[in-house]
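Here the structure is laid out as structure tokens; the discussion comes afterwards.
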Amino acid sequence: MELRFRTATRADNGFFREMEFETTWFSLSSADQARLSERKVRRALDDTHEILLARPGNRVVIAETPEGDPVGLLWYGVSRNLISGEDEAWIYNLSVLPAFRRQGIGRRLLDHAESLARQDGHAVLGLMVSQHNVGARQLYEELGFETTNLVMRRVLQPGGSEAS
Ligand SMILES: CC(C)(COP(=O)(O)OP(=O)(O)OC[C@H]1O[C@@H](n2cnc3c(N)ncnc32)[C@H](O)[C@@H]1OP(=O)(O)O)[C@@H](O)C(=O)NCCC(=O)NCCS
């Protein structure tokens with residue numbers, strides 16, 4: 001499929017926010033979805049965007065058709081690895097519109113992220129993915145990404161201690 005990649009502009013804000021919301025909501029566990037409202041998540045995302053996008057090194061890349069319709073998004077940046085203390089290239093978001101999935105766009109955006117990371121002189125490219133996101137994990141594993149750390153969380157039920 002013919003595609004071009006370009007840097008996002010202010011005009012892509014609606015597309016960016018919608019893709020961010022869809023990916024975030026899908027990435028939540030069912031327990032978190034039950035606890036949180038869509039409105040709350042959208043508001044929290046707006047705050048997060050303000051903080052993260054202000055950091056240097058961010059690039060938001062839009063994949064679009066020759067007609068100029070956006071179909072995919074890569075948000076690339078830098079993140080401090082809290083274990084090694086090193087700054088690493090980081091994929092904050094990778095999303096493709098449902099109608100355009102399984103056509104190689106996600107893989108091409110990941111290749112693009114790798115090129116950016118190499119250009120920036122990073123030794124590592126990382127990302128975070130939900131355990132239940134089997135499709136994305138499959139794609140990442142095919143491209144050589146390995147699980148190095150697991151985030152473990154427990155939703156605390158009001159008024160009780162479930163673990164003993
Ligand atoms: C994950 C995502 C970006 C993949 O984009 P995509 O354009 O469909 O991926 P590609 O077409 O490049 O897939 C390449 C390969 O990855 C694997 N893959 C991708 N999606 C898969 C799925 N749902 N199930 C199993 N394997 C999958 C396949 O091996 C695929 O090759 P194939 O189609 O020849 O079998 C897309 O599914 C998406 O936007 N999901 C919702 C947002 C999201 O979860 N993003 C990741 C956040 S960490």
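Taking only pairs six or more apart or across chains, which ones have beta-carbon atoms under 6 Å, a first residue in the range 80-105 that is closer than 23 Å to L3 by Cβ, and a second residue that is loosely packed, with under 14 Cβ neighbours inside 10 Å and of a type in the set (A, V, I, L, M)?
Q103/M1
Would you check if there is a residue in the range 68-78 being loosely packed, with under 12 Cβ neighbours inside 10 Å, in a loop (DSSP other than H, G, I, E, B) and within 11 Å of the ligand (Cβ to nearest atom)?
no
Determine whether the range 3-14 contains at least one residue that is among the acidic types (D, E) and surrounded by fewer than 16 Cβ atoms within 10 Å (Cβ to Cβ).
The answer is no; no qualifying residue exists.
Every residue, every condition in (1) touching a Gly at 6+ places or on another chain (Cβ under 7 Å); (2) assigned to a helix (DSSP H, G or I); (3) at pLDDT 95 or above; (4) within 16 Å of the ligand (Cβ to nearest atom), yes or no:
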site: L110; (1), (2), (3), (4): no, yes, yes, yes
site: Q131; (1), (2), (3), (4): no, no, yes, yes
site: G135; (1), (2), (3), (4): no, yes, yes, yes
site: G159; (1), (2), (3), (4): no, no, no, no
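Does T65 satisfy the criteria of being modelled with pLDDT of 95 or more and loosely packed, with under 12 Cβ neighbours inside 10 Å?
For T65, the condition - modelled with pLDDT of 95 or more and loosely packed, with under 12 Cβ neighbours inside 10 Å - is not met.
Do we find a residue being farther than 18 Å from V134 by Cα and either at pLDDT 95 or above or exposed (fewer than 12 other Cβ atoms within 10 Å of the Cβ) (or both) anywhere in the range 20-27?
yes
Would the range 69-80 turn up any residue that is within 25 Å of A123 (Cβ to Cβ) and among the small types (G, A, S)?
Scanning the range 69-80 turns up at least one residue that is within 25 Å of A123 (Cβ to Cβ) and among the small types (G, A, S).
Quick one: S84 ticks every box in (1) among the hydroxyl-bearing types (S, T, Y); (2) in a loop (DSSP other than H, G, I, E, B); (3) modelled with pLDDT of 95 or more bar one, so which box is it?
(3)
Inspect all residues belonging to the range 145-155 and state whether any of them is over 16 Å from T23 (Cα atoms), among the hydrophobic types (A, V, I, L, M, F, W, C), more than 13 Å from the ligand (Cβ to nearest atom) and buried (at least 18 other Cβ atoms within 10 Å of the Cβ).
No, every residue in the range 145-155 fails to be over 16 Å from T23 (Cα atoms), among the hydrophobic types (A, V, I, L, M, F, W, C), more than 13 Å from the ligand (Cβ to nearest atom) and buried (at least 18 other Cβ atoms within 10 Å of the Cβ).
The values are calculated or read from the model by the stated rules, or taken from the named source; none is laboratory data. The model shown is predicted, which means the values in this text are computed figures rather than measured ones. Positions of Cβ are backbone-derived with ideal geometry, glycine not excepted, and every protein chain shown enters the neighbour counts.
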